[in-house]
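FYI, it's all coordinate maths here, none of it is from the lab. Only a predicted model underlies this, so the values are computations on that prediction, with no experimental measurement involved. Every residue, glycine as well, gets a Cβ built from its backbone with ideal geometry; the counts of neighbours run over all protein chains shown.
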Amino acid sequence: MSDLPVPPARPRPQRQSGRRRSLDRTAVVDAALRVLDAEGLDAVTIRRVAHELGTSGTALYTYVRDKDELVDLLLDRVIGEIDMSSIPADLPWPEQVRAIAREMRRVFASHRDIAQATLARVPQGENALTMMDAALGRLRAAGVPEEVIALGVDLLALYVGAVSYEETLMEFGPGFVGELRSYFERLPRDRFSNIVALAEALTSTADRFEFGLDVIVRGLVARAAEG
C-alpha cells in the first residue's frame, strides 16, 4: 500500500449549463445588438448570436422562433431608443414631425444598417407601438385630419428608413459618391445629356434628408389645410 498522500483533484472546466440557465430573450437580443453594432445586420444570424453568447444555435430556439423573429425583436429594441420625450409637445405640429424624423434618423444611424430591417417588415413590437401611438396622439391633439395623420406617419417612417439605410451604404463606401459622379460625367453626352449636365447636383453632398423631409412636411401641411 502506498503511503503517498492523495493527489489533488484534477481541475474541471466550468460547464456552461449555468450560463444557459440564465439565458433569456433579453440576453439574446442584447447579444444580437452587439453583433449588429460590430458587424452589421447581415451578420445577425442564429448561429452568430449563439456564438456571441457562448452557446449553441439550438439553445436559442427556446427564445426565438427563427432569424426573422430575432430581427423583429432587435429592431424593436433599437426603436425603443427613440426619445419622444425630447421633443416638446408645444411645438407646432409640423416642427414636431420634423423633430420626430430627425430623432429616428439619429437612432438608426447609431446602429449601423438596422434601418434596412424597416424596409422589409412592419414594426409591431411594444416599443414600436408605443412610439407610433405617441406620434399619432400628438398629431390628433393638434387637430390634424385623420387621413393626413395615418398616411403621413406611414410615409414618414418609410422615408426615414430608406434614407437612413442609404446613408449607411455611403458611410461604409465613402468613395462611392465621387466614383458615381465621375461615371455620370463620362457618360456619352449625346445619349444622356441631362445626366451629364446634372452630374454634380445629382451627387451633391447637400443634406438630402432635410430636403426630402421639408418636401414631405410642406405637403402634409398643404393637405391638412384642405381639410
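Rounded to the nearest 500, what is the chain's calculated 222 nm mean residue ellipticity when only DSSP H runs of at least 4 contribute -39500 (n - 2.57) each, over all residues?
So the helix-based figure for the chain works out to -19500 deg cm²/dmol.
In the chain, which helices (entire DSSP H runs) extend 20 Å or more along their own long axis, judged by Cα positions, while averaging at least -1.0 on the Kyte-Doolittle scale?
Passing helices, by number: 25-39, 93-109, 126-141, 146-171, 208-225.
What residues have an amide H closer than 5 Å to that of I114, excluding those fewer than 5 places away on the same chain, when H is modeled at 1.01 Å from N in the peptide plane?
Excluding prolines and chain starts, which carry no amide H, there are no hits.
Of the options V196, G125, L91, report the single residue whose Cα projects farthest towards the positive end of the charge dipole of region 84-225 (beta-carbon charges: Lys, Arg +1; Asp, Glu -1).
V196
Any idea how far the Cα center of region 207-227 sits from the one of region 99-126, in Å?
Rounded to whole Å, the Cα centres lie 20 Å apart.
For the chain, calculate the relative contact order in percent as a whole number, restricting contacts to Cα pairs under 8 Å that are 6 or more residues apart.
17
Quick one: which residues, 5+ away or cross-chain, put their amide H under 5 Å from the amide H of L91? H built at 1.01 Å from N.
none
In the chain, if the dipole is taken from +1 on Lys/Arg beta carbons and -1 on Asp/Glu beta carbons about the Cα centre, which of F184, G143, Y165 is farthest to the positive end?
Ranked along the dipole, the leading option is Y165.
Can you compute the equivalent ellipsoid semi-axes for region 65-188, i.e. the square root of 5 times each eigenvalue of the Cα gyration tensor, sorted largest first and rounded to whole Å? If you can, show how the numbers build up before the last one.
Details: eigenvalues 173, 80, 34 Å².
They are 29, 20, 13 Å, listed from largest to smallest.
How far is it, in nm, from the label point at R191 to the one at A43 when both lie 7 Å from their Cα along the line to the Cβ?
4.1
Short version: what are the Cα gyration tensor semi-axes of the chain, square root of 5 times each eigenvalue, largest first, in whole Å?
Numbers: eigenvalues 438, 150, 35 Å².
Output for the chain: semi-axes of 47, 27, 13 Å.
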